[in-house]
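Structure record follows, encoded as structure tokens.
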Amino acid sequence: MSKPIFIIRVPDDIILDEFHIFSKRIIKKLTDYHVIVMMADVMETEFECFNCDYVADVSFEELKIILNED
């Protein structure tokens, strides 16, 4: 079974260096997903998941906690 696709949109006013650090950190943490992190015209960070035909071991709320950990 293929991995789900997890898309993260961050506000485009983020500093580029911070964006790169954030992206690398998230991709390392979410090894069970294909992760796409992009800057977009959004007010706050948005999350979206595709290809989730099965019940994942980690709930969406748990993913938010993982993403906010340092």
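The values are calculated or read from the model by the stated rules, or taken from the named source; none is laboratory data. A quick note: this is a predicted structure, and the numbers were derived from the prediction, not measured. Every residue, glycine among them, receives a Cβ derived from its backbone with ideal geometry; neighbour counts consider all protein chains shown.
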*Report yes if residue 44 is touching a strand residue (DSSP E or B) at 6+ places or on another chain (Cβ under 9 Å), outside any strand (DSSP E or B) and at pLDDT below 90, otherwise no.*
yes
*the range 1-32 - residue that is part of a loop (DSSP other than H, G, I, E, B) and over 16 Å from residue 66 (Cα atoms) and, of those, nearest to the chain's Cα centre (by Cα)*: 4
*Residues that are surrounded by 12 or more Cβ atoms within 10 Å (Cβ to Cβ), closer than 20 Å to residue 65 by Cα and free of Cβ contacts under 8 Å to residues at least 40 places away in the same chain, drawn from the range 33-52*: 33, 34, 35, 36, 37, 38, 45, 46
